[in-house]
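Engineer: Starting off with a structure, shown below.
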Amino acid sequence: MRRKVEKLSRAQRRRTPPPFAQYLYHRVMAWTGVDTLAVLWLEPSSYYYASRLSLVLYGPYRDARTYAGPWPIIAHPPCGPWGQWAWKSLESKKDGMIALDLVHRYGGVVEQPLGSSLFRKHGRAGHILERVNQGDYGHLGQKATLLYFVL
């Protein structure tokens, strides 16, 4: 049985399960037809670091806000400023807005939890919005997630 996301540690909540990361990678690669992707706003223990996928990685040692292309992106910007606990978050809303700007410029996907106001406030009409549950991909909790795709 899956635990409630609220009962998990911050690191457990933020960890992207490897099958979910592979799903995002293969989906964006199939749609864009490129041979490399950039993954932005990674956690230090992210699966992407150990994967053998063709990726350019931006995490704790490489600032995602400096990404200047040319590859499509998979973006995991901080969700705190956009979720139900936004009033409590110390993270900047700018990262989410930058992620949307980058996905509109280079294509790819931005991931946020269900209930995030990022796409509603700063997204553009006509782009694919998909709802998935990261628990189906091995997350410790039932983490309902919205994916904002730009092809």
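Engineer: Can you compute the helix-only [θ] at 222 nm over the chain? Use -39500 (n - 2.57) per DSSP H run of at least 4 residues, normalise by all residues, nearest 500 deg cm²/dmol.
Structural biologist: That calculation yields -7500 deg cm²/dmol at 222 nm.
Engineer: Ignoring trypsin sites (Lys or Arg not before Pro) that are buried or in helix or strand per DSSP, and keeping those with at most 16 other beta carbon atoms within 10 Å, what is the longest stretch of the chain between them?
Structural biologist: By the stated rule (loop sites, at most 16 other Cβ atoms within 10 Å), 63-123.
Engineer: Sticking with this structure for a sec: How much space per residue, in cubic angstrom, does the convex hull of the C-alpha atoms of segment 98-151 take up?
Structural biologist: Cα convex hull per residue, to the nearest whole number: 80 Å³.
Engineer: In which sequence would T66, T36, T16, T145 go, from the one with the fewest C-beta neighbours within 10 Å to the one with the most?
Structural biologist: T66, T36, T145, T16
Engineer: Moving to a separate point now. Semi-axes of the equivalent ellipsoid of segment 5-150: what are they in whole Å, largest first, if each equals the square root of 5 times a C-alpha gyration tensor eigenvalue?
Structural biologist: 21, 18, 15
Engineer: Find the relative contact order for segment 5-150 and round it to a whole percent, using C-alpha pairs within less than 8 Å whose residues are 6+ positions apart.
Structural biologist: Relative contact order of segment 5-150: 24 percent.
Engineer: Still on this structure, please answer the following. Straight-line reach from K94: which aspartates and glutamates fall under 20 Å, measuring Cα to Cα and dropping same-chain residues less than 8 apart?
Structural biologist: Straight-distance partners of K94: E43, D63, E111.
Engineer: Could you give the longest part of the chain that holds none of the chymotrypsin sites (Phe, Trp or Tyr not before Pro) found in DSSP loops with at most 15 neighbouring Cβ atoms within 10 Å?
Structural biologist: For chymotrypsin sites (Phe, Trp or Tyr not before Pro) (loop position, at most 15 other Cβ atoms within 10 Å), the longest site-free span of the chain is 86-151.
Engineer: Given Cβ point charges of +1 (Lys, Arg) and -1 (Asp, Glu) and nothing else, what value in debye, to the nearest 20, does the dipole of the chain about its Cα centre take?
Structural biologist: 520 debye
Every read-out reported here was derived from the displayed coordinates using simple, explicitly stated rules and does not represent laboratory data. Everything numeric in this text was worked out from a predicted model, so none of it was measured. Quick reminder, even Gly has a Cβ in these numbers, built from the backbone with ideal geometry, and neighbours come from all protein chains shown.
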